[in-house]
Each structure stands twice: as structure tokens, then as C-alpha cells.
Amino acid sequence: MNRRLNLDAHLVSALANNSSRRAFAARLDMTLKRAKVTSGRVARSLDVPERDVTLWRAGVIVPKSTDCQRLSELLDVDVAWLCASEG
């Protein structure tokens with residue numbers, strides 16, 4: 001639970017930081033392309049609107065911590081790497 005709260009806090013701070021959002025978007029987009037997974041498939045898997053996934057990929061918004069965790073599981077990548085503000 002504490003880890004989830006920390007991730008929530010990180011994601012909230014990322015919303016205010018353009019470079020963090022862009023870094024997340026770049027990692028997500030790269031990972032989706034490498035996995036040959038469409039935004040539509042991600043949206044269906046996470047039960048979120050496809051528009052949200054498109055906005056995540058564009059760096060306009062970032063997902064909630066639960067969606068970020070599920071994204072990392074779906075794409076088989078470390079959640080800390082995917083949602084990190086740097087690196």
C-alpha cells in the first residue's frame with residue numbers, strides 16, 4: 001500500500017513536470033512499438049478509453065498508479081523504469 005501511495009505521489013508530481021511527462025510518454029511509446037501493441041489493445045486490457053492511452057503516449061497526461069502498474073505487467077517492463085521521472 002505504501003509503495004502505491006509513493007507511486008501516486010510521483011505521478012501527481014509528474015503531471016506538473018513537462019519533461020517527466022515527455023520521458024514517460026517516450027518510454028511508453030517505445031515499449032508499445034517494440035511489443036507491437038496498439039493503443040486500442042492497451043485500452044481494452046486496462047479497461048480505459050483509447051483516448052487516454054493516446055494522451056499517455058503523447059505526454060499530455062499520465063496514468064493513475066494502478067494503470068501504470070497494470071501497464072508494466074502487460075508490457076513486461078519494470079514499473080519503476082516505466083514511470084520514473086528520469087532515466
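The table for this structure:
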{"item": "Subset of region 51-87 that is touching a residue at least 40 places away in the same chain (Cβ under 8 Å) and of a type in the set (Ser, Thr, Tyr) - its residue that is farthest from PHE24 (Cα to Cα)", "result": "THR66"}
{"item": "Scan of region 22-62 for residues that are hydrophobic (A, V, I, L, M, F, W, C), touching a Leu at 6+ places or on another chain (Cβ under 9 Å), outside any helix (DSSP H, G or I) and farther than 15 Å from ALA84 by Cα, ordered by number", "result": "VAL37"}
{"item": "Any chance SER19 is surrounded by fewer than 17 Cβ atoms within 10 Å (Cβ to Cβ), assigned to a helix (DSSP H, G or I), among the hydroxyl-bearing types (Ser, Thr, Tyr) and touching a Ser or Thr at 6+ places or on another chain (Cβ under 9 Å)", "result": "yes"}
{"item": "The listed residue being at pLDDT below 85 and touching a helix residue (DSSP H, G or I) at 6+ places or on another chain (Cβ under 7 Å), out of ASP78, ASP8, ASP29", "result": "ASP8"}
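The values are calculated or read from the model by the stated rules, or taken from the named source; none is laboratory data. As the structure is a computational prediction, the values presented were derived from the model and not from experiment. Cβ atoms come from the backbone with ideal geometry, glycine included; neighbour counts cover every protein chain shown.
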